Amino acid sequence: QVHVVESGGGLVQPGGSLRLFCVTSGSIFSTVTMDWYRQGPGKEREMVASITSQSSTSYSDSVKGRFTISRDNVRNTVYLQMNSLKPDDTAVYYCHGYGLSISRTPFDSWGQGTQVAVSS
């Protein structure tokens, strides 16, 4: 019942920027922790950024200082601003959230991913 949909991926040159969007529906968004994960070719899935219901953030070492996660509780949206992109950032990026649904039951939902490709 809680849906998570990512968008904003694309092809960008090294050193460029992209902004990813993740829109949720069916949740009490202010209770939700949102994460961004990615999985590159031949690599394991890894968490790159997280933001809690209180807007505390955390980042993986590989993206710290380059990526910024933020949220808009009015639009039920989480963002991932990606700057200084590297070819190693190429991956499918997934949005993940957990918290309370509108029915006040716990949920844990994943989006289907958006492709980010960094190449010349």
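Some observations on this one:
- Filtered residue count, region 65-107, keeping only those that are open to solvent by 40 Å² or more (accessible area, probe 1.4 Å), more than 14 Å from the chain's Cα centre (by Cα) and closer than 19 Å to Ser55 by Cα: 5
- When we screen Ser27, Ser60 for residues that are out of contact with any helix residue (DSSP H, G or I) (no Cβ under 9 Å at 6 or more places or on another chain), at pLDDT below 95 and of a type in the set (Gly, Ala, Ser), the only hit is Ser27.
- The residue that is farthest from Val92 (Cα to Cα), counting only those in region 53-64 that are assigned to a loop (DSSP other than H, G, I, E, B) and open to solvent by 50 Å² or more (accessible area, probe 1.4 Å), is Gln54.
- Residues located in region 41-92, provided they are in contact (Cβ under 8 Å) with a residue 60 or more places away in the chain and not hydrophobic (A, V, I, L, M, F, W, C): Tyr79, Gln81, Asn83, Ser84, Lys86, Pro87
- Tabulated pairs, region 99-115, first free of Cβ contacts under 8 Å to residues at least 24 places away in the same chain, second outside any loop (DSSP other than H, G, I, E, B) and surrounded by fewer than 19 Cβ atoms within 10 Å (Cβ to Cβ), C-beta under 6 angstrom, 6+ apart or interchain: Asp108/Tyr98
The values are calculated or read from the model by the stated rules, or taken from the named source; none is laboratory data. What you see is a predicted model, and the numbers here were worked out from it, not measured in a lab. Heads up, the Cβs are rebuilt from the backbone with ideal geometry, glycines too, and the neighbour counts pull from every protein chain shown. Ligands, DNA and RNA are excluded from the accessible area calculation, which covers all protein heavy atoms including side chains. Shrake-Rupley method; radii C 1.70, N 1.55, O 1.52, S 1.80 Å.
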